[in-house]
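For reference, the structure discussed in these notes is given below.
The values are calculated or read from the model by the stated rules, or taken from the named source; none is laboratory data. Note that this is a predicted model, so its numbers are computed, not measured. Positions of Cβ are generated from backbone atoms using ideal geometry, with glycine treated the same way; all protein chains shown enter the neighbour counts.
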Amino acid sequence: MKRKKLVRTLGNVLMVIAIVFIGYKLYQYRDKVSDAFTWKIGVVMLVSSLITTSLIIISSVFYANLVARVSDKEVPLGMASQMYCKSNLYKYIPGNVLQYVGRNQIAELSNARHDRVIFASFLEVGFTVIGALTASIILARQYVFEWIRNQNTGLIVAVIAAVTVIVIFISILLAKKVPKLFKELRRILNHRNIGYFVAMIVFIVFNQMLNGIMFTYLMKEIVGTLPKEYWSNVAGVYSFAWLVGFVTPGAPGGMGIREALLSVLLANTVAPEMVTIAVIFNRIVTVLGDLIAYPASILLSVFSSKKKRDLIE
């Protein structure tokens, strides 16, 4: 009991630290925001934040069910969703790994094995990479092929070499754990779970495409006009930039990485200053979405508990 109380206390401390970091980042953006902000853009941002919140809540439900399948334990949906959304705020703390540490509160509160909750997070990361990459290819394949054609051979070789080094580095880190990972995969790979894994990846692809579309519409409102032939490419580039920020170690919530990459990749499509404003406004949208998701998950937890009590009675 004392251990569970300690875990909750540490989780609350991390949440406060995360909110302080978020507030600091928003404060840094204040001048650029005030110069370009209009009421119409504000409405677009608010609606986008609420949609982002909804997507996070749905993601938390997918994750809760994933933990239940991997751990072979009954995991309370409301509690797991709340811990997921709470831990999601930790990603803004430098290090970009504390959200996964925070999710292990689910193991403490449901008596599930810690290693299996960690494995569920590992699977979710893999599904997220596959989903985001798929979404970016679907939306921006024409842009990607054109970008590759316009680059010199040396740059392409350098990119391939960098990716190869990263893959080798990750392989070395995971070398000792590979046998255990394969053992866990063999345990959970069955007809029922494979269908669920595919459904989760499909949702992630939809999630990424919708986020890209929201960013594109926000940019259109800021720029004033954006030719329709650019919409798909902008949405796909956003998904790719999000993915790079997601896998970059130490970048809190991908902050800085995503914005810098979007500014470079969209420089020939939209005026650089407009790209900068759009990525700042979009960062505010995603931060608000994360912040709103936590109290929304508390309501979901309360509703879930009440519904369970009603069924018992």
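I need a count of the residues in segment 65-94 that are of a type in the set (Gly, Ala, Ser) and surrounded by fewer than 24 Cβ atoms within 10 Å (Cβ to Cβ). Adding up the residues that qualify gives 3. Residue count for segment 183-225 satisfying the condition of being under 17 Å from Gly236 (Cα atoms) and either part of a loop (DSSP other than H, G, I, E, B) or of a type in the set (Ser, Thr, Tyr) (or both): 2. Phe119: assigned to a helix (DSSP H, G or I), modelled with pLDDT of 85 or more, within 27 Å of Leu55 (Cα to Cα) and not small (Gly, Ala, Ser), yes or no? No, not satisfied.
So is Lys220 modelled with pLDDT of 85 or more and of a type in the set (Lys, Arg) or not? For Lys220, the condition - modelled with pLDDT of 85 or more and of a type in the set (Lys, Arg) - is met. Within segment 95-115, restricting attention to residues that are in a helix (DSSP H, G or I) and surrounded by fewer than 21 Cβ atoms within 10 Å (Cβ to Cβ), the residue that is nearest to the chain's Cα centre (by Cα) is Tyr100. Count of segment 25-69 residues, restricted to those that are aliphatic (A, V, I, L, M) and at pLDDT below 85, is 3. No other residue among Val129, Val101, Val125 is at pLDDT below 80 and out of contact with any helix residue (DSSP H, G or I) (no Cβ under 6 Å at 6 or more places or on another chain) apart from Val101. Taking the listed residues Arg103, Arg69, the one that is over 25 Å from Thr248 (Cα atoms) and not aliphatic (A, V, I, L, M) is Arg69, with no other qualifying.
Residue count for segment 53-94 under the criterion of being in a helix (DSSP H, G or I) and either over 23 Å from Ile194 (Cβ atoms) or of a type in the set (Asp, Glu) (or both): the result is 18.
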